[in-house]
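The next block holds one structure in the form of structure tokens; read it before the comments.
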Amino acid sequence: MKARPSISRAAARGYTAVEILMSMSVLAVGVIGVFSMEKVTIASNVHAKNLAIATHIAQSWLGVLEAESTIWDENGLGKTTWLKSAPAAPAWFRPAFVEDSSFGPDFDELGNPVAKDGSYCVDLRISPFNGDSAEKAGTAMRRVEVRVFWLRDGVVPTPSLTVPAFPCRMVSAQVSLQDQSRLFHFVYLSGAVRQAGT
């Protein structure tokens, strides 16, 4: 039988302090990387949630305006609530909150309509597709655009830029300005509504 070689003294001693420090530093780099990824993942999930809620709000408004168009007859928009409040020249405007339907421009962080000071805000822009003659004939159509916006995280106010406490506290025309628009995230949806006719 062959004799087994004896274990060297270096192997019998165990790990040196340098080896332990190197392995701990490699472990620390890995842990820091995991924590960094977790932070990015959480921020992405929050943004995805906000995007989904804002899209749902915009779709709700398109549905409400489509339903409201069913009472738009050859006599005009007089019976409607929000369609008639659009300015004559297409421009963004803030729809009013209507107590009877508990619906308006402000929505809370879960996407539920609130009377004021919500986390999400809605502006509308309504433009005619065809003229007055089509409306008298009962065949008119309007393009409806819905803009839902909410405050960005981490926006630092500057002397030229005032951050509102709630998004609907900023006037619709100001939201469209380049300096002010960087305060918000936006979702835009558009559709068309048709006059009910005769």
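The values are calculated or read from the model by the stated rules, or taken from the named source; none is laboratory data. Because the structure is predicted, anything quoted here is derived from the model rather than measured. Every residue, glycine as well, gets a Cβ built from its backbone with ideal geometry; the counts of neighbours run over all protein chains shown. Keep in mind that these areas ignore ligands, DNA and RNA; they rest on the heavy atoms of the full protein, side chains included. Shrake-Rupley method; radii C 1.70, N 1.55, O 1.52, S 1.80 Å.
Those residues that are in a helix (DSSP H, G or I) and either open to solvent by less than 10 Å² (accessible area, probe 1.4 Å) or charged (D, E, K, R) (or both), I need them from segment 61-78; list them, please.
From segment 61-78, those in a helix (DSSP H, G or I) are 61-71; that's our starting set.
Once the filter is applied, which keeps residues that are in a helix (DSSP H, G or I) and either open to solvent by less than 10 Å² (accessible area, probe 1.4 Å) or charged (D, E, K, R) (or both), segment 61-78 yields Trp61, Leu65, Glu66, Glu68, Ser69.
Restricted to segment 82-107, and to residues that are assigned to a loop (DSSP other than H, G, I, E, B) and touching an Asp or Glu at 6+ places or on another chain (Cβ under 9 Å), which residue is farthest from Leu124 (Cα to Cα)? It would help to see each step written out before you state the result.
In the first step, residues of segment 82-107 are kept if they are assigned to a loop (DSSP other than H, G, I, E, B); the result is 82, 86-92, 94-97, 99-102, 104-105.
If we keep only those that are touching an Asp or Glu at 6+ places or on another chain (Cβ under 9 Å) too, we end up with 82, 90, 92, 94-95, 97, 105.
Details: Trp82: 9, Pro90: 10, Trp92: 5, Arg94: 6, Pro95: 7, Phe97: 13, Pro105: 9 Å.
The selected residue is Phe97.
Can you tell me which residue in segment 113-139 is surrounded by the fewest Cβ atoms within 10 Å (Cβ to Cβ), limited to those that are of a type outside the set (A, V, I, L, M, F, W, C) and within 14 Å of the chain's Cα centre (by Cα)? Break it down into steps so the answer makes sense when it comes.
Within segment 113-139, the first condition is being of a type outside the set (A, V, I, L, M, F, W, C), and the residues that meet it are 113, 116-120, 123, 125, 127-128, 130-133, 135-136, 138-139.
From what is left, the residues that are within 14 Å of the chain's Cα centre (by Cα) are 118-120, 123.
Working: Gly118: 22, Ser119: 19, Tyr120: 30, Asp123: 25.
Among them, the one singled out is Ser119.
From the set of residues in segment 167-198 that are open to solvent by less than 80 Å² (accessible area, probe 1.4 Å) and of a type in the set (Val, Ile, Thr), which is modelled with the lowest pLDDT?
Among residues in segment 167-198 that are open to solvent by less than 80 Å² (accessible area, probe 1.4 Å) and of a type in the set (Val, Ile, Thr), the one modelled with the lowest pLDDT is Val175.
Please enumerate the residues belonging to segment 140-166 that are at pLDDT 85 or above, open to solvent by 40 Å² or more (accessible area, probe 1.4 Å) and in a loop (DSSP other than H, G, I, E, B).
Filtering segment 140-166 down to residues at pLDDT 85 or above leaves 140-152, 164-166.
Restricting the remaining residues to those that are open to solvent by 40 Å² or more (accessible area, probe 1.4 Å) gives 141-143, 151-152, 165-166.
Scanning segment 140-166 gives Arg152, Ala165, Phe166.
Working only within segment 72-91, note down all residues that are in contact (Cβ under 8 Å) with a residue 24 or more places away in the chain, under 18 Å from Thr139 (Cβ atoms) and not hydrophobic (A, V, I, L, M, F, W, C).
Asp73, Glu74, Gly76, listed by residue number.
For the structure I just gave you, tell me whether Ser85 is modelled with pLDDT under 85 and surrounded by 10 or more Cβ atoms within 10 Å (Cβ to Cβ).
Judged against the criteria, Ser85 is not a match.
Among the candidates Ala52, Ala58, which residue alone is outside any loop (DSSP other than H, G, I, E, B), loosely packed, with under 14 Cβ neighbours inside 10 Å and at pLDDT 95 or above?
Values: Ala58 fails: loosely packed, with under 14 Cβ neighbours inside 10 Å.
Of the residues listed, the single one that is outside any loop (DSSP other than H, G, I, E, B), loosely packed, with under 14 Cβ neighbours inside 10 Å and at pLDDT 95 or above is Ala52.
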